[in-house]
Amino acid sequence: MSTTKRILPKGIAEADFDAALNQFRETIGSESVLTESEQLAPYTKIMMAGDASDYIPSAALLPNDAEQVQELVRICNEYKVPIWTISTGKNLGYGSAAPGETGQVILDLHRMNRILSVDPEVCTALIEPGVTYQQLYDYIQEKGYKLWLDPPAPSAIAGPVGNTLDRGVGYTPYGEHFMFQCGMEVVLANGEMIRTGMGGIENSSSWQVFKWGYGPYIDGLFTQSNYGVVTKMGLWLMPEPPAYRPFLIQYQDPEDIAEIVDVLRPLRISQIIPNAVVIVHTLWDAGTHVVRKHYYDGKESIPREAIERIKQDEGIGEWNVYAALYGTPEQIEVNWNIVEQAFGASGKAKIMYGDEAEQRGGGFEYRSALMKGDMNLQEFGLYNWRGGGGSMWFAPVSQAKGSETKDQTELAQKILGKYGFDYVAEYIVGWRDMHHVIDLLYNREDPEETQRAHDCFAELIDEFAKRGYGLYRTNTEFMEQVAGTFGEPLRNVHTALKNALDPNGILSPGKSGIRQ
Amino acid sequence: MKLTRRALLKNSLLLGATAPLSIGSAFAANQANVSQQGQINLYGSNKSTTELGLGLRQLGLKPRYEGRLNPLALSALPSGTLAAGFTDESGIVLLTSLLAGRGRILALGRHESNQHHLLSHRGPIVEPTTIETGSWQASLGREYARLALASARDRHARHFLGTPTTTNVSELSFLVQL
């Protein structure tokens, strides 16, 4: 099969696109305008259950600074060329580095990777979109600052700006990333640049410490949206605590999930346990380092008998709680007693830390690293679980109540089972909310299985929405459907904002279901 | 995958707040055009890799064995470097993701028990299992060597039955240029 036909942005004549490309080259240099198939191929690698031919860019632009972004946006407006913005391009399982639809031009900001400031006194940073967690981590280490980051799981290669703008989460007490963002620089669709919060005040020293500025607070408009291109972002960094104790609690019964969440909630709200706690199911805990076919090679969902063998062989619980305590050694001892009493009351939990936890199976080592902001790529191992390169994150949000878990878990397992997929899942308990994160792993090389995965994901969205559970984030294939579950009045407001801020609709059309 | 400090140093992720890092432009001055000299880095740690290297050599390339693929290390290599080999699912995800804006995917292969799926961005694929002598991996090596030197720039995909592999393990191959 050959695909030699040139890809053009939707509705753009070839001559106009060529003229736009020439202006792009004059602005950022020919070497920063990619048009060849083999150069664009890395941007076409998707993991979601969509048709690969729907996600092919016509070109990629790699600017070096915000001024170049301004000029590129002006050219796009002149020729009505749609651009799809990525920062480091590591939104794996949510669309990766691919455009929202075929023909869009990728605006790849990974070369804009300056760390503009890190203030060890007020614990803030100001960075560009191409800065990776690893890069910022290494800078902090080199300077000897006692500051921690909050990376997501596949962390080293991703960046704080992109993850925060997609409202990602991490595992330290600063795990809700957008909550710890402070100040943005944004290039609007007309090429103008604004700074949010206190950034509009010339010589202000408070841009990275006071979020609200004056008048309407608008930073949220530039998250999960297509209203501007964020070219700088401030974030708060966690001061390194004097002591840190990661711990593991294992439960063996599938129904224990309700008790875990109910015990956990008051500890989270009162900040006895201050970090984003993860309650990991057996298959996720095993899947980071075990291959499915060692236990079961059937096409249908992995059976209970195989799950029990994995638990036995790997030393993994049905539910594996990873959390940590932070503070002085004295504070940790006090809080540890509270944790032990709370989880020990029913007699079902096995509570561990230190050597005992490390000797159990599962992910204690890498999760301990994540909960103190250290980098690793261990969760890439999940892609080996089933094989075939297919992965989609399904992540509905609910209250952190045990009563919310039973129905959700059963519903997810029922729908996944209907389509022959495994329940590879975890709950992440925030301050009051809970993300139920499921990795729908499938073989993208098998068209029939890919179609099944697509149908399964669509059904998960609809059935969870019927029960009041909406997604906090999704991949580009399903953005329209998920936007629909939040209701037309909200979509109308999103559209009105789009029309006002981007009248030619050139910025990431379709992002979060938002178009003109 | 754990990241050692050595790995990070090698892959340029330890540069901290130095001047804007552009892997592509950073090495622009070092365009040794390795491919013209016939050198190619070869990754993997099993028999398939050895056979792939044999095939590459048969068409005049000079493979240099680098062991198991660490995709993060590739970005520290000079621009123009050719690389080929075998890896697992997570390695392919990481490799292709890291090449965005930094390199070229010339070809990718998925090799099951008795079938092969090849994707080329260097023009048509000649069936690599039409083998008179040797293994399918060596044949794949010859095909990858031909594609590495090809001037075509269009995309072709081909799915075909081939010589059965000795195991039922899925193998993933790649041919990229930094």
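The long axis of helix A:14-28 is offset from the longest Cα principal axis of chain A by roughly 80 degrees. Residue-wise HN-Hα couplings along region B:95-109, as the Karplus relation 6.51 cos²θ - 1.76 cosθ + 1.60 with θ = phi - 60° gives them from phi, are 4, 5, 5, 6, 7, 4, x, 10, x, 10, 9, 8, 6, 9, x Hz; Gly and Pro carry x. Length available on full extension from A:Arg25 to A:Glu410: 0.36 nm per residue minus the Cα-Cα distance, which gives 133.2 nm. With kT/(6 pi eta Rh) evaluated at 10 °C and eta = 1.306 mPa s, and Rh the Kirkwood radius from Cα pairs, region A:115-239 diffuses with a coefficient of 109 µm²/s according to Stokes-Einstein. Per-residue mean of foreign Cβ neighbours for B:80-90 is 3 (Cβ atoms of other chains, 10 Å radius). If R0 is 56 Å, the Cβ-Cβ spacing of A:Gln331 and A:Glu480 corresponds to a FRET efficiency of close to 0.70. For region A:36-163, what class follows from the C-alpha gyration tensor (a ≥ b ≥ c being the square roots of its eigenvalues): rounded when a/c is under 1.5, otherwise prolate if a/b is larger than b/c, else oblate? Here region A:36-163 falls in the oblate category. Computed on the Cα trace of region A:409-516, the radius of gyration divided by the Kirkwood hydrodynamic radius gives Rg/Rh = 1.03. Along region B:170-178 the Karplus relation, 6.51 cos²θ - 1.76 cosθ + 1.60 evaluated at θ = phi - 60°, assigns HN-Hα couplings of 6, 10, 10, 10, 8, 9, 9, 9, 7 Hz to successive residues, with x for each Gly and Pro. Relative contact order of region A:115-239: what whole-number percent is it, with Cα pairs under 8 angstrom and at least 6 residues apart? For region A:115-239, the relative contact order is 30 percent. Distant-in-sequence amide contacts of B:Asn41, defined by a placed amide H-H separation under 5 Å and a gap of 5 or more residues or a different chain, comprise B:Arg64, B:Leu82, B:Ala83, B:Ala84. Label-to-label distance for A:Phe210 and A:Arg304 is 6.0 nm, based on points extended 7 Å past Cα in the beta-carbon direction. Rg of the Cα atoms in region A:243-477, relative to 2.2 N^0.38 Å, amounts to 1.00. The amide H of A:Gly327, built 1.01 Å from its N in the peptide plane, has A:Ala243 as neighbours under 5 Å, considering only residues 5 or more places off or on other chains. Count Lys and Arg as plus one, Asp and Glu as minus one, and take only other residues whose Cβ is under 10 Å from that of B:Gly101; the net charge is then +1. When only Cα pairs below 8 angstrom with a gap of at least 6 residues are kept, chain A shows a relative contact order of 16 percent.
The mean number of partner chain beta-carbon atoms within 10 angstrom of a residue's beta-carbon across peptide A:38-51 is 6.
Peptide A:375-384 shows a mean partner chain C-beta count of 5 within 10 Å per residue C-beta.
The protection proxy used here, the mean number of other Cβ atoms lying within 10 Å of each residue, ranks peptides A:299-308, A:435-444 as follows, highest first: A:435-444, A:299-308. With contacts taken as Cα pairs under 8 Å and at least 6 residues apart, region A:109-175 reaches a relative contact order of 28 percent.
Amide H contacts of A:Ser58: A:Gly103, A:Gln104, A:Val105, A:Ile106, each under 5 Å away and 5 or more positions distant or on a separate chain (H built 1.01 Å from N in the peptide plane; Pro and chain starts excluded). With the helix formula -39500 (n - 2.57) applied to DSSP H stretches of n ≥ 4, the protein assembly as shown reaches a computed 222 nm mean residue ellipticity of -9500 deg cm²/dmol. Decide, for chain A, between rounded, prolate and oblate: order the square roots of the alpha carbon gyration tensor eigenvalues as a ≥ b ≥ c, take rounded if a/c falls under 1.5, and otherwise choose prolate if a/b is larger than b/c, else oblate. Oblate is the answer for chain A, as a/c is 1.5 or above yet b/c matches or exceeds a/b. Here the Karplus curve 6.51 cos²θ - 1.76 cosθ + 1.60, taken at θ = phi - 60°, turns the phi angles of region B:68-75 into couplings of 4, 5, 10, x, 4, 6, 5, 5 Hz, with x standing for Gly and Pro.
No lab work stands behind these numbers, since they all come straight from the coordinates. All figures in this text were calculated on a predicted structure; none of them were measured in a lab. Glycine gets a Cβ as well: all are built from the backbone with ideal geometry, and neighbour counts include every protein chain shown.
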